[in-house]
Amino acid sequence: MNLATVGTGWITESFIQAASLSKQYNLVGVYSRTEEKAKQLADQYESTHYFTDIEEMAKSEEIEVVYIASPNSVHYEQALTFLKNKKHVICEKPIFSNTAELEMAYQTAEENGVYLFEAIRNIHAPNFHILKEKLPMAGKLRSAVLPYMKYSSRYDQFLQGEEPNIFSAKFSGGALVDLGVYPLYVAVGLFGEPKKVSYHPVILSSGVDGSGTLLLDYDGFVCTILCSKIVDSILPCEIHGEKGTFLLGDAAPISDITFMDSHTKERQTIGVDLEEQNMIYECINIAKIIADENNQEYERLKEWSKIVLRITEEARKQNNIVFAVEK
């Protein structure tokens, strides 16, 4: 498929590299607000076109699918533009600011006969599918702790009085929507939608969460998600059952999986080694869904995106975290 990208950050370059390795995409366009950055990225990755106007890009008949990695707050507006022009859209997490935007975007995609995906690399990788298949080994689940805490260099800027996008309500930022969605997707993919959600954040002066603890209440157990952009953690993820415990090297990607039997204390490695460029799995799976018109798999991914966004929206409401697009 002919691919175009929106955004010039490292995540866009990673997606371009993964798309190329997957052999499912041909880069034909890149967008940036500045011509210099657009041309530089186009030259670097041999794109045939570059754009500084979203509307012009959306009207290009050469482009079939667009990957969006712009600031969170403009995802919705940009996605709608491409969907209305019958382009498939892959939008970097968090897909949108709230569920109202998500529902309208899915409706627009359906009306125009195209697909809309949230780019979330960990649920497409092999170890997630292995974990989901092997989960019954643990027996009756009793708890889970899924941390994803990484100190952001942009926090240094924040402490110096600046307000980077990811720490700004103006740009729909915060730790939960930026990092917490990774373990949250693992929880939703494995356990489904929780009965109750409770979020306990550290609110920064900008009005968004720099860190927080999200509790997901399921029948018989609670899943605890720890997310932060203002501290680091080296804790593994753990899923605890009455027969054993799964230890995961990380939530995104799930780099390795070990199962420890509660009775014998024996440990078994059940994960596989991942490709170094681990975004390749989502590139391949999304291309396959589009090519095969696999609506069953598409609906499953849609439902997970809806659940995750409902949870983050509820968590924000509990703590009066309001994005500028909602005022």
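The values are calculated or read from the model by the stated rules, or taken from the named source; none is laboratory data. Small disclaimer: the values here were computed from a predicted structure and weren't measured. No Cβ is skipped: glycine too gets one built from the backbone with ideal geometry, and neighbour counts run over all protein chains shown. Please note that ligands, DNA and RNA were not included when accessible areas were found on the heavy atoms of the full protein model with its side chains. Shrake-Rupley method; radii C 1.70, N 1.55, O 1.52, S 1.80 Å.
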Could you please state how large a percent of the accessible area of region 229-324 is carbon and sulfur, counting protein chains only and using a 1.4 Å probe? 45
With a cut-off of at most 11 other beta carbons within 10 Å, and DSSP calling the residue loop, which trypsin sites (Lys or Arg not before Pro) in region 245-316 qualify? Please list them. Lys265
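Tell me which trypsin sites (Lys or Arg not before Pro) from region 178-259 have a DSSP coil assignment and no more than 10 other beta carbons within 10 Å of their own.
On the way: sites: Lys195, Lys196, Lys229, Lys243; in loops: Lys195, Lys229, Lys243.
Within region 178-259, the qualifying trypsin sites (Lys or Arg not before Pro) (loop, at most 10 other Cβ atoms within 10 Å) are Lys195.
For the chain, with every protein chain kept in place, what is the accessible area per residue (1.4 Å probe, Å²)?
I get 45 Å² per residue for the chain.
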So which residue, out of Asp250, Asp219, Asp209, gets the largest mean-square fluctuation from a GNM of the chain using Cα contacts under 10 Å as springs? Asp219
Round to a whole number: what % of the accessible area of region 2-83 belongs to carbon and sulfur, probe 1.4 Å? 44
Sites matching trypsin sites (Lys or Arg not before Pro) across region 1-72 that sit in DSSP coil, with at most 16 neighbouring C-beta atoms within 10 Å: Lys23, Arg33, Lys59
Region 185-205-region 237-255 distance, computed between alpha-carbon centres (Å): 17
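Please give the calculated 222 nm ellipticity per residue for the chain, where each DSSP H segment of at least 4 residues contributes -39500 (n - 2.57) and the sum is spread over every residue; nearest 500 deg cm²/dmol? List each step's numbers first, then the result.
On the way: 10 runs with 115 residues, N = 327.
My calculation for the chain gives -11000 deg cm²/dmol from helical runs alone.
Quick one: of the DSSP bridges fully inside the chain, what percent are antiparallel, nearest 5?
Working: 32 of 58 bridges.
The antiparallel fraction comes to roughly 55 percent.
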At what distance in angstrom do the alpha carbon centres of region 58-118 and region 25-48 lie from each other? 19
Select from Ile225, Ile68, Ile284 the residue whose mean-square fluctuation is largest in a Gaussian network model of the chain (Cα-Cα springs shorter than 10 Å). Ile284
Listed here are the pairs Lys23/Lys288; Lys87/Lys327; Lys39/Lys150; Lys93/Lys229; Lys170/Lys195; Lys140/Lys265; which of them are more than 21 Å apart at the Cα? Lys87/Lys327; Lys39/Lys150; Lys170/Lys195
